[in-house]
Amino acid sequence: MAEESHKDQEFIDYVVKSLVDHSTDVKTERTVDEMGVLITLHVNPEDMGQVIGRQGQTARSLRTLLRVVGAKNNARVNLKIYEPEGSQRPRRSREEHEAMT
C-alpha cells in the first residue's frame, strides 16, 4: 500500500473546498484501522454551517458520497467533522423559535 492514491481523501478535499469561503483552511486526516477508513475534516469555524448544512443535510450527503467512493475501492469510509472552538452558533430562545414557526 505504499504511495497509494487516496481517492476518498482527494474527493472530500475537492468537494469541501468548493463549498466553503475559507478553502485554504480545509484540512483532512486519513486513518485506517480494522473498522475501515476514517477521514477527519477540519474547516474554519465560520464555514461549519456550510459544511453541515440545514438540519445536517450537507454533512449527510458528503457521508453518502464518501461511502460510494469507498465501495468502488472495497473500503468502508467514514467522515468525522471536527468542531473547533467557537464554531457553535448561539441557541435560539423559545420566543425566537416560536416566532419563526
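The values are calculated or read from the model by the stated rules, or taken from the named source; none is laboratory data. The shown structure was predicted, so the numbers you read here are calculated from the model rather than taken from an experiment. Every residue, glycine among them, receives a Cβ derived from its backbone with ideal geometry; neighbour counts consider all protein chains shown.
The number of residues in the range 26-65 that are surrounded by 15 or more Cβ atoms within 10 Å (Cβ to Cβ) and β-branched (Val, Ile, Thr) comes to 8. Restricting Ser23, Ser87, Ser93 to residues that are surrounded by 14 or more Cβ atoms within 10 Å (Cβ to Cβ) and at pLDDT below 90 narrows the list to Ser87.
Residues of the range 33-54 that are under 23 Å from Gly70 (Cβ atoms) and free of Cβ contacts under 8 Å to residues at least 12 places away in the same chain: Asp33, Glu34, Gly53. Here is the figure for the range 26-74: residues that are of a type in the set (Lys, Arg) and touching a helix residue (DSSP H, G or I) at 6+ places or on another chain (Cβ under 6 Å) total 1.
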